[in-house]
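Input: a single structure, listed below in structure tokens.
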Amino acid sequence: MKTVKNIIFYLCLPLLILGFGQADAAIPPDQLISADLKALFADPPSVKGYPYQELFKEAAQRYKLPLPYLLAVARGESFFDPNAVSSKGAIGLMQVMPATAGDYGVKKEKLFDPAENIDTGAHLLSDLNIRLKDPYLALAAYYCGAGGVDIDNFTIRDDCNEYVHYIHSHLKKILKKAGQNLPDSAVREKHFVLTVFDNFLDAESFVKFLSKKLPLIQFEIFRKEAALKDHNRYQYQIMAAGNGGKTKGEICAMVEKASGFSFCAGKGE
């Protein structure tokens, strides 16, 4: 059997505006994702069942952003963990950097407060969207800052583009549940790591394959920083959880049978 081995803008506008115009970027936004985001801003659907939903809803209204847009960022950045801290120091639900929070008058320790964190992240996203006049570029800049977005040529750096694809995958999960008028149960399930990919598109293709083969198993992609020997980079964890109380071992066996790949040690867990 084969084995596979394998997440400061507004108050510094003069410098940042220059930076946006001079970014080393060459990839235009994906047209389908761009259309999805513009449609979302034009007619945002109602969603329910998310952690801290009232706080997200209030922030979305305050900063004139679609609620699913904010939820997708939080889902992809922290999977709604208010205590998440990245190796670079980003904190909380929206993974806000302390320096950025300081620009909005928010102290580092306050970023562990869900209300402060959501408000700061939403405020930043709103400022980016106002300045860049495009929700796709705003998402890219939320991750990359000025250096990843070229507003003159309407292009973005490759890693920034991958980030938008990643957040869009979480948005699709949210919109699918909205269309079914169902809460997003995946955020409350206990997932385990099945395998890891270095490239998001590879991870997404594999999840699509598994989801067709095993529709009763929940598969998620979660971006995680990996500390390598000489640098840190993001990898994409394939997470799995079963409906009906299936154990990790049972899920691993089902995935192995469906895919031909063996992932899990300790299948009796």
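When Thr120 is evaluated against the numbered criteria (1) surrounded by 23 or more Cβ atoms within 10 Å (Cβ to Cβ); (2) under 21 Å from Arg223 (Cα atoms), which criterion, by number, is the only one it fails?
Single failed check for Thr120: (2).
Only one of (1) at pLDDT below 95; (2) surrounded by 20 or more Cβ atoms within 10 Å (Cβ to Cβ); (3) within 17 Å of Lys38 (Cα to Cα) fails for Leu132. Which number is that?
Looking at each condition in turn, Leu132 falls short on (2).
Can you find a residue in the stretch 230-244 that is at negative phi, buried (at least 18 other Cβ atoms within 10 Å of the Cβ), over 18 Å from the mean Cα position of the chain (by Cα) and modelled with pLDDT under 90?
yes
Could you tell me whether any residue of the stretch 102-112 is crowded, with 20+ Cβ neighbours inside 10 Å and out of contact with any Gly (no Cβ under 8 Å at 6 or more places or on another chain)?
No, every residue in the stretch 102-112 fails to be crowded, with 20+ Cβ neighbours inside 10 Å and out of contact with any Gly (no Cβ under 8 Å at 6 or more places or on another chain).
The values are calculated or read from the model by the stated rules, or taken from the named source; none is laboratory data. Worth saying up front: this structure is predicted, and the values here are computed from it rather than measured. Neighbour counts are summed over all protein chains in view; Cβ atoms, including those assigned to glycine, are modelled from backbone coordinates with ideal geometry.
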